[in-house]
Amino acid sequence: MTRGKWMEYSSAVDWPTATQKLIEHMAALPRGRKQEVAAQLGISPSQWSQFTSGKRGLTPERAHEIAAALGIELNVQVKLPDGRVEE
């Protein structure tokens with residue numbers, strides 16, 4: 001279950017949806033909180049801005065790091081080449 005007011009999912013979502021919701025949440029944070037989380041993770045303000053503007057993509061590892069720092073659990077489904085879906 002994903003935590004936070006901004007998204008309430010009871011099941012896993014696909015990667016593009018999960019990252020888009022995370023980016024929306026990142027962009028909506030108050031400036032001080034953005035700076036605090038970015039500094040905690042070693043992300044420059046410029047990189048944070050690039051993530052939230054879509055100029056730089058989030059790797060799964062970075063997305064999970066940011067989510068964890070924000071107290072959010074990413075619950076993502078992966079569709080395999082054979083059509084199976086795994087969480």
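Summary of computed values
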quantity	calculated
Odd one out for Met1 among (1) surrounded by fewer than 12 Cβ atoms within 10 Å (Cβ to Cβ); (2) at pLDDT 90 or above	(2)
Some residue of region 58-77 being under 16 Å from Asp14 (Cα atoms), loosely packed, with under 11 Cβ neighbours inside 10 Å and out of contact with any Cys (no Cβ under 7 Å at 6 or more places or on another chain)	yes
Matching residues in region 17-57 - criterion: being more than 11 Å from the chain's Cα centre (by Cα) and of a type in the set (Val, Ile, Thr)	Val37, Ile43
The one condition in (1) in contact (Cβ under 8 Å) with a residue 24 or more places away in the chain; (2) more than 12 Å from the chain's Cα centre (by Cα) that Pro60 fails to fulfil	(2)
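The values are calculated or read from the model by the stated rules, or taken from the named source; none is laboratory data. Keep in mind that this is a model prediction, so the values were computed, not measured. Cβ atoms come from the backbone with ideal geometry, glycine included; neighbour counts cover every protein chain shown.
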